[in-house]
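Worksheet for the structure shown next.
What follows is calculated from the coordinates using simple rules that are stated; it is not laboratory data. Just so it is clear, the model here is predicted, and its values are computed rather than measured. Here Cβ is always computed from backbone atoms with ideal geometry, including for glycine, and neighbour counts include all displayed protein chains.
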Amino acid sequence: MGQFLQTFFEESFEGLQEMEAGLLALDSGDPDTETLHTIFRAAHSIKGGAGTFGLQALAGFTHHMETLLDRLREGRQAVTPEAVNLLLESVDCLRGMLEAAQDGGEADPEQAVALEKRLAALVAEGNDPSPVPDAPEPEGPQALPESHAVDSPAPGGWQIGFRPEPHLFMTGNDPLRLVEELSELGDVTAECHIGQLPAFGDLDPEQCHLSWTLTLQGGADEDAVREVFEWVEDDCELTISPLAPEGAEDEPPAAEGSPDAPEESTAAAAPDVDDEGDEAADAAVVSEAPAPSSAGHGDNGNQPPAPGAGGGNGQPRKPAAASSIRVNTDKIDALIDMVGELVITQSMLNQLGEDFSEDKLEQLRDGLGQLERNTRELQENVMRIRMVPISFAYARLPRIVHDLSDKLGKQVELKLEGEQTELDKTVMEKLIDPLVHLVRNSLDHGIEPPAQRRELGKPETGTLEIEAYHKGGYIVIEINDDGAGISRDKLLAKARAAGLLQAGEELPDEQVLDLIFHPGLSTAEKATDVSGRGVGMDVVKRNIRQLGGNINLRSQPGEGTQLTIHLPLTLSILDGQLFRVGDQVYIVPLVSIIESLQIQREKLSRVAGKAELYHWREGHLPVLRLRELFNEPDAGGELANGLMVVVEDDDRRVGLHVDELLGQQQVVIKSLEANYQRVTGFAGATILGDGTVALILDIAGLVDLAQAQRKPADAAAMRVATEEAHGEQTQ
Amino acid sequence: MSEMSASQQDAALQGTVGEGDQYLTFTLGDEEYGVDILRVQEIKGWSGATPIPNTPDYVKGVINMRGTIVPVIDLRERFGMPSREYTQFTVVVLVRVLGPGDKERIMGLVVDALSEVYGIPEDELRPPPEFGSIIRTDFIRGLAQVDEKMIIVLDADRLLAEEELATESV
């Protein structure tokens, strides 16, 4: 059961995302019926699943959403911004409930109850008090019986003929469950017809041979009844006829007390599904800002809010215990094909080997070439399994832009491009937070309010454009806005105020913008709860660097800001520089190398007689002798004329003294921990072409190692030097 | 490796395999040690390892076992016996062990030479004496007498646990 539950949660979260995306699309003023159906289906699946797993609170809540959605999709109620926002809020609440259920807890019911009431109220409001005579649906614009207050007398009951197709069981449906569900609507009497039952010998127990006539007493409306059978509709013959015929023809009575006279937008919510409704919705979107319900979203950090928890809850969600990945069948088929080819190549080589003679050398060479090609393709395709389109990371952005622009009173158009660009699942998961942060920044600090934009002669609606594409072994993500850009003067003033720059100290232009990545700098004129808590761009930069990528910023004051993020496609392969220390080959990631140089004697100096420093680009680099660190013999040799690789990790720069630089190549990162343990100074290992193992250096770990090995005084001197080296580089 | 499987088969055919659990034995100096044969993943000749700097001497380094990185431990050095130069008979026995949290790991043990496969019933395993062996008793699951020889049956899981403790203190 646990595994199904897990799948249910995964699918539900996907469903929520779908709903959210759909709702946001509706918000743009185009109540597309197909979108409404999609949203409805997602809600319906969540409700069904929740019911199956006994998550009653969830099922109940979703039911209320579904009621409203059902009315919207059938055009009995207009799609107003109010409704969309309420539904968006409900999606958040539902997500919170799902998360709580996933962690085995219960969500705070208050929020759900409050929302349920509002949903019901909206449904009630949408019920047109004056019945339209030519209402197309015979049952009238009724809400489902569960939806409070608007219950209205329905026919005295229904007679339902239910004759399932023989394959009903195969679809996972159980008639008994349907009857039980039906009996929740009223008293049910079931009559079973066994006429189709074959002789015992011919009986296939996996086929359904029975049919039923069900009589439902009570005031359920036809929709509710049909809904029970919704999942089996295509697999059965279903007839539903009213028990008391006069009930069905009745005009629906006015929903009792709709005291708040429907406003402009809802007045048009007549039960007919015509253009009129669409226009009304269009008008409504333009006419009023849906302020009341959106206020709660913007300030909830990057994650959807937990139910009951107020704003400012930036806590990341606990990752699900086991993560799974959905793989397109095409990818798997491609893999199978490739394995097939590999097998063929293998058997060909086998045959060749059985009676090999020199004249078959050419064939052997061909075969090996083919093997190499097969292997490479197989490797690439296996990698592709972990690749997911970046649209997963994009999914959250429209919502954030929607909520934030409401909140900030700005008009922003979000353009997302390259949604199908694929990248490693792990990279993508870690990319989401920085991306969200950058989007918030851009909205908060970048794009100006409409009035100001008008004055500047810009269109009132700002544009935020995000584009992803592949370039080399990297994925490039560009985030461009046409906002105010970054003011260099303001940035410099801030830096001086924060003591990062001495008064009168000037910086080259390109370094000024780099200041924004400095910890503790925020240029927001007033810190808002949206961004500008002083943590920000430095964290973004660190996150991206942790993924082995980098981020660049360009900005023209008054014209906008362009951010470019480069990320490796996968975390399991890196471009490495191979080098030799003693007899061993080691690897350092290419991204952390700044420069490789030959050591010049006159630039070397010593601190406290031991720690060696190297004069490099106006600073002093500590030199790490790798021979010494790795306990190789002849550790104390001459440094001059030796080779040094200048590497950087986070805030630290050091020079690594190595024996010989070898080639550069892509290596697959293997864990040392899987069978052994973490080793300070090494990020992992890889297998070289000749089958031997080479260790991959971890720069931060090496520095720690060096500090631990030296005497305290020495270590202190070195620490000062590392910081100094870094400081002089950034400032 | 093929030699080994041959000798395993021989052992089985000649009936040297008794009742009970089967143990693969190997020698370190004059002593004969055994590990549960079900734990043995693979046996290969010594062909070098990539040393990991700043780990204890008995950790010979890591090797590539079909794409996974596996640490190799010299049992002689682990037990504090004088080390011996590796020869063509030096073999690496790759065993599965349970690490902390019952996580399965693979570890290579460098031994002087392989010996036999014996079946030793559980009740013939005697608890180790407090002393009398050059190694600490924590690694030993028990002693057994087979064909006039004493076999020291190792507790492979303990080897790793101890080994980890040792590295932490270095």
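Worth pointing out:
- Estimated FRET transfer efficiency (residue A:355, residue B:30; beta-carbon r; R0 60 Å; 0.05): 0.80
- Between residue A:662 and A:578, A:579, A:580, the built amide H atoms are under 5 Å apart, and every one of these is 5 or more places off in sequence or on another chain.
- Charge tally around residue A:390: other residues with Cβ under 15 Å, Lys/Arg +1 each, Asp/Glu -1 each, net -2.
- Positive contributions from Lys and Arg (+1) and negative ones from Asp and Glu (-1), summed over other residues with Cβ under 15 Å from the Cβ of residue A:349, come out at -3.
- Computed from the C-beta positions of residue A:550 and residue A:452, the FRET efficiency with R₀ = 35 Å rounds to 0.60.
- Modelled FRET efficiency - R0 41 Å, residue A:498 with residue A:690, Cβ distances, 0.05 increments: 0.20
- Where labels lie 7 Å past Cα in the beta-carbon direction, separation of residue A:231 and residue B:113 in nm: 6.9
- Alpha-carbon geometry of segment A:324-427: the Rg and the Dmax are 23.6, 81 Å, given in that order.
- Exposure proxy ranking, count of Cβ atoms within 10 Å, fewest first, for A:66, A:612, A:506: A:506, A:612, A:66
- Counting Cβ atoms of other protein chains within 10 Å of each residue's Cβ and taking the mean over peptide B:104-110 gives 2.
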